[in-house]
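The values are calculated or read from the model by the stated rules, or taken from the named source; none is laboratory data. None of the values given here were measured: they were computed from a predicted structure. We place every Cβ from the backbone using ideal geometry, glycine too, and count neighbours over all the protein chains shown. The area values use the complete protein model at the heavy-atom level, side chains included, leaving out ligands, DNA and RNA. Shrake-Rupley method; radii C 1.70, N 1.55, O 1.52, S 1.80 Å.
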Amino acid sequence: MIQTLRAAVEWDICIIGGGATGLGIAVDAASRGLKTLLVEKYDFAKATSSRSTKLVHGGVRYLQQGNIKLVIEALKERGILLKNAPHLVKNQAFIVPNYKWWEGPYYGIGLKVYDWMAGSLGFGPSQFLSREETLALAPSLDTDSLRGGVLYHDGQFDDARLAIHLAMTAADHGATLINYMNVEGLLKSNNKVCGVHLKDTLKDTSKGSATCEVKAKVVINATGVFADSILKMDDEHSDSMLTMSQGIHIVLDRKFLPSNTAILIPRTDDKRVLFAVPWHDKVIVGTTDTPVKNESILFSIIFKNTLRKTLAIQTF
Ligand SMILES: Cc1cc2nc3c(=O)[nH]c(=O)nc-3n(C[C@H](O)[C@H](O)[C@H](O)COP(=O)(O)OP(=O)(O)OC[C@H]3O[C@@H](n4cnc5c(N)ncnc54)[C@H](O)[C@@H]3O)c2cc1C
């Protein structure tokens, strides 16, 4: 891949960022026959794309917000993903426990609409459950005031593996994808971006320069939460485009959810949607949603990983 990079004169498209977005763009571009380069600063899916709640969902919460168009699109994508990658996506049953009298009909009817919107790409019909049926599927629920539940189906996937498979698919279509290759600046001609300055962060500099310039007809900023840092390379006075938010999952032992059915709490006291989802021999609970000032705080959590470990240990 590095030799191909050195030999190329100009790329049709250079994608910055090897997360789900950048890798998906690489598959799309390469499969259309475009000469495609993707560069990733660390490893593929090192950032947000390996730290999700692992759900391929149709966006139940957007239904509650009335964003019908988004839900229809997400349900369609969910179905396509299951068809295209059945080895990475699986059907996951969820229970919405009901503690108030109105929750059964409210969530039950909402989830029937969700089923209907999925059409032929549906993952299975939702159903109303009695208190006993709910506890049989989710025995660790708080029994106090529990009236029953609603069972529905969504998808679960391995986010990091999906990213690697997207990278492999893009490579099969002729794309060049290089990790540990940092974009340090943008090349410009007539005030238009026409390429990138790269630094190979694994290169032994005693054997030659680690930096190079690459020309491209189109440069795509697919750096997710880091997108503002690329924008600032174009114009250091550009306004920030993003409002940062940090989400934390707590990883618990499976004894906290001793079943294969996940739990969805549609609204916590602080107005979040909360999931408790079985994941291998653990259960992932989350997420929080805390505004942060800039991505360097997220960086320290993502890349040092200490907080995740500390949380898991404290919980045990
Ligand atoms: C807590 C949480 C839970 C979530 N749960 C789900 C879920 O269950 N299901 C779901 O579908 N979605 C979920 N999402 C959303 C989903 O994870 C993100 O939308 C997706 O991962 C974003 O991918 P991305 O490629 O845009 O960004 P990222 O994965 O962050 O990728 C950006 C990449 O750009 C690279 N980069 C940055 N700067 C440079 C540079 N200068 N040069 C080269 N490379 C650079 C970074 O190293 C990084 O790898 C969740 C998000 C969060 C925060």
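For region 15-35, filtering for residues that are within 16 Å of TYR180 (Cβ to Cβ) and more than 6 Å from the ligand (Cβ to nearest atom) leaves 2. Collect the residues in region 139-163 that are surrounded by 17 or more Cβ atoms within 10 Å (Cβ to Cβ) and among the hydrophobic types (A, V, I, L, M, F, W, C), keeping them in residue-number order. LEU141, VAL150, LEU151, PHE157, ALA160, LEU162, ALA163 - these are the residues of region 139-163 that are surrounded by 17 or more Cβ atoms within 10 Å (Cβ to Cβ) and among the hydrophobic types (A, V, I, L, M, F, W, C). In region 1-113, counting only helices (runs of 4 or more DSSP H) that sit wholly within it, the ones holding 2 or more residues that are more than 18 Å from the chain's Cα centre (by Cα) and without any contact (Cβ under 8 Å) to a residue 60 or more places away in the chain span 2-7, 68-84. A search for C-beta distances below 6 Å between a residue of region 217-228 that is at positive phi and any residue that is assigned to a helix (DSSP H, G or I) and open to solvent by 20 Å² or more (accessible area, probe 1.4 Å), counting only pairs 6+ apart in sequence or on different chains, returns GLY224/THR48.
From the list LEU38, LEU81, the one residue that fits, being within 16 Å of the ligand (Cβ to nearest atom) and either touching a helix residue (DSSP H, G or I) at 6+ places or on another chain (Cβ under 7 Å) or in the same structural domain as PHE275 (by TED's automatic domain parsing) (or both), is LEU38. Screening the candidates ASP270, ASP253 for the property of being modelled with pLDDT under 90 and of a type outside the set (Ser, Thr, Tyr) yields one hit, ASP270. How about region 118-161: which of its residues are in a helix (DSSP H, G or I), of a type in the set (S, T, N, Q) and farther than 17 Å from TRP102 by Cα? SER120, the sole residue that qualifies.
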